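Worksheet: the structure to be examined is printed underneath.
The values are calculated or read from the model by the stated rules, or taken from the named source; none is laboratory data. Model, not experiment: these values are computed from the prediction. Neighbour counts are summed over all protein chains in view; Cβ atoms, including those assigned to glycine, are modelled from backbone coordinates with ideal geometry. Accessible surface areas use protein heavy atoms only, side chains included; no ligands, DNA or RNA. Shrake-Rupley method; radii C 1.70, N 1.55, O 1.52, S 1.80 Å.
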Amino acid sequence: MSEGTRRAVRTALASNLALFALKVLVTAITGSSVMFAESLHSLMDTINQLFLAIGMRLSSGGRSRAFPFGRGREQFFWSFVAAMSTATLSSAFSIMEGVEKLIYGEELRDLWVAFIVIFAGLALEGAALRVSFESFERARRSEGFRSRLDYVRNTRNTTLLAALFEDVASVSGLLVALAALAMAWLTGDAVYDAAGSIAIGALLAAFGLLLAREARGLLIGEGLSRSELERVIEVVSSHPAVAKVIDVSGTFLGVDSAILGVEVNFRDGMTTDEIEGAVNEIESMIRRVFPQAKYVYIEAEELSARRAS
C-alpha cells in the first residue's frame, strides 16, 4: 500500500472527526435538519475511514497456512463495507430526517453559526480532497492511465478510491447544505433546509453505490482487464521457445498482488531442461511488464490435448 493512500486516509479521518464535533454543536444550536444530515455524514465518514484503516492493516499481513496467497483482498472487503454503510445508513438517516421535518415542520435559529461551520468545513474538506486527489493522480500516472475515468473503472486501489469519493461527497454535501440554508435564510421557509437533508441523503447513496460497484467485482474475483491480458500475451509470445500462447487468465489478490495462469505450447523438440529454463525466463519477463503478478503458473500444453479437452 502506497504512502499516498495512507496519507489520504489519515487526512480524511482527522478532517471528519473535527467536522463531526463542530456539526453536532451547530445542529444543537440551530435545529437544522441539513446540519443533522451533515453530522451523520461526518460520523459515518469517520467510521468508514476506520474501516479503510483496518483493511490496510490486515492486508499487509504475509502468507500463512490459512491464507496461502496473503490477505490482500481485505482492502476490497473493507472498502465494500465502507461503501455500503454510506449508501444505506448515512443516506437513510439523512433522508428520514428531511422527510420528518417536511411533514412536521421545524424552527431554525442562529443560522449564522451554521454558515461559519460550513465555510470552515469547506476549508478542511477541501484540504483533505486535495490530498486524496493528488494521491489519486500520482497513482493514475504511475499505472500508465491517461484518462481519470478509465483509472476509476480499472484501478484495484479501492481504498484510495473510497477516500477520494468520500472527500468529494463531503465537499458536495457541504455545498448542498450551504445552498439549502441560504435559501431558508433568504426566504424564511424551513422547507429548503429539510429538502437539503434529503438531497444530501441521495448524494450519499449515489457515491456509496458507485464505490460498492467498484469494490464488489474485485472482492468476488474480477479478472484482469483486456489490456493487461494482451500485454502478458504479447510478452509471452515474444519468447523464442513459445510456439503459441493457448490461454492466459488471472485475478487480483490485493491492490498490488495478482495470480496469473498461462497455458503455453512450446516448440517441438525441446528437452525438459530447456522447457524449465524457458518457463523461468517467461516468468521474469511477465513480472517486468506486469509487476503485480506475484504468483505466476505456466503450464506446458499440447495443442492436440487442448482441442480434445
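Leaving ligands, DNA and RNA out of it, report the carbon-plus-sulfur percent of the accessible area of segment 1-121 at a 1.4 Å probe. The value for segment 1-121 is 69 percent carbon and sulfur by accessible area. DSSP finds beta bridges in segment 171-309, and of those with both partners inside it, around 60 percent are antiparallel.
Scanning the chain for long hydrophobic helices, with DSSP H runs required to stretch 27 angstrom or more by C-alpha along their axis and to average at least -1.0 on the Kyte-Doolittle scale, returns 3-30, 33-59, 111-142, 158-187, 191-219. With protein chains left intact and a 1.4 Å probe, residues in the chain average 49 Å² of accessible area per residue. Ranked by the mean number of other Cβ atoms within 10 Å per residue, highest first, peptides 117-126, 99-108 order as 117-126, 99-108.
Which stretch or stretches of segment 22-57 have amide N atoms under 11 Å from the point lying 7 Å from PHE67's Cα along the Cα→Cβ direction? What the label zone holds, given the 11 Å backbone N cut-off, is 55-57. The heavy atoms of GLU143 present about 90 square angstrom of accessible area, all protein chains included, probe 1.4 Å. Peptide packing for 147-157, 210-220 was compared via the average number of neighbouring C-beta atoms within 10 Å per residue; ordered from the highest value, the list is 210-220, 147-157. With each label modelled as a point 7 angstrom along the Cα→C-beta vector, the ARG153-VAL113 pair spans 4.8 nm. Among beta bridges from DSSP that stay inside the chain, the antiparallel ones total about 60%.
Relative contact order of the chain: 21 percent, from C-alpha pairs under 8 Å at least 6 residues apart in sequence. From the alpha carbon centroid of segment 253-269 to that of segment 99-135 is 51 Å. Ligands, DNA and RNA left out, the accessible area of segment 161-309 computed with a 1.4 Å probe is 55% carbon and sulfur.
Restricting to segment 228-309, compute how many DSSP beta bridges are antiparallel as a %, nearest 5.
The answer is about 60 percent antiparallel.
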